[in-house]
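The values are calculated or read from the model by the stated rules, or taken from the named source; none is laboratory data. Keep in mind that this is a model prediction, so the values were computed, not measured. We place every Cβ from the backbone using ideal geometry, glycine too, and count neighbours over all the protein chains shown.
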Amino acid sequence: MRAVLRGEAVADVPCAGCVGCCVSSYPIPLRPGDRTALAKVPDRYLQLRRGSGARMLYREDGTCPMLESGRCAIYADRPQTCRDYDCRIYAAAGLIPDGPRPVIQDRVREWRFVFADAAAAGRAAAVRRAAEFIRANAHLFPPAARAHSATAVAVMAVKVHEVFMDDAGLVAPEARVRAVVDAARCFDMGGTPA
């Protein structure tokens, strides 16, 4: 997940025919490299946003406008956001997607993880501790962190879990928030936390 978030890998999700993400009322940010997808999306489902590109909106029933007969009509040219989406990130963080998204919420509840060793299990536990901390202290985070969003919290928890690897000693929540924000910024810039 970390490599996908950095753009260094492609998500390899065993969807097994699941289209939960395609029927869950997700607006899809379109990135500059999504030109082919952008050209194929009907205008009524595009929202152009000044300074931040475009988004593909969903149909009134919550389905993606490119979903036809249960399949993606632009799969080979789907947006990068769709390529990167991995609902297991919620399960890894111990979260359920926000809002009325029953199909994807049920799918997230089904995921189970098996760890190769104690170190991997420890990293997974740190991701969950990070998510719990961020949710419990959402009011202390800057608005741009979107710490009230399950999606943003799950992504941030994966990015910053190292901050929660060693939970020895008590750290004031404000100091821990600063450490989390710094670690997320460092991750986004391609570095590793100090």
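Details
- Flag if F115 is farther than 20 Å from C87 by Cβ, modelled with pLDDT of 95 or more and not assigned by TED's automatic domain parsing to the domain that holds C21: no
- Checking A93, A136, A147 one by one, the residue that is hydrophobic (A, V, I, L, M, F, W, C), out of contact with any Gly (no Cβ under 7 Å at 6 or more places or on another chain) and over 24 Å from Y26 (Cα atoms) is A136 and no other.
- Some residue of segment 65-76 being assigned to a helix (DSSP H, G or I) and touching an Asp or Glu at 6+ places or on another chain (Cβ under 9 Å): no
- Considering segment 4-36, the residues that are in a helix (DSSP H, G or I) and over 15 Å from the mean Cα position of the chain (by Cα) include one that is surrounded by the most Cβ atoms within 10 Å (Cβ to Cβ), namely V23.
- One residue alone among P27, P65 is under 21 Å from V153 (Cβ atoms) and in contact with a Leu (Cβ under 8 Å, 6 or more places away or on another chain), and that residue is P27.
- Count - residues of segment 39-60 that are free of Cβ contacts under 8 Å to residues at least 24 places away in the same chain and outside any strand (DSSP E or B): 10
- Residue check, A138 surrounded by fewer than 20 Cβ atoms within 10 Å (Cβ to Cβ), within 30 Å of A175 (Cα to Cα), touching a His at 6+ places or on another chain (Cβ under 8 Å) and of a type in the set (A, V, I, L, M, F, W, C): yes
- Pick from segment 78-103, criterion within 14 Å of the chain's Cα centre (by Cα) and not in a helix (DSSP H, G or I), ranking: surrounded by the fewest Cβ atoms within 10 Å (Cβ to Cβ): D98
- Single unsatisfied condition, Q47 versus (1) at positive phi; (2) of a type in the set (S, T, N, Q); (3) surrounded by fewer than 16 Cβ atoms within 10 Å (Cβ to Cβ): (1)
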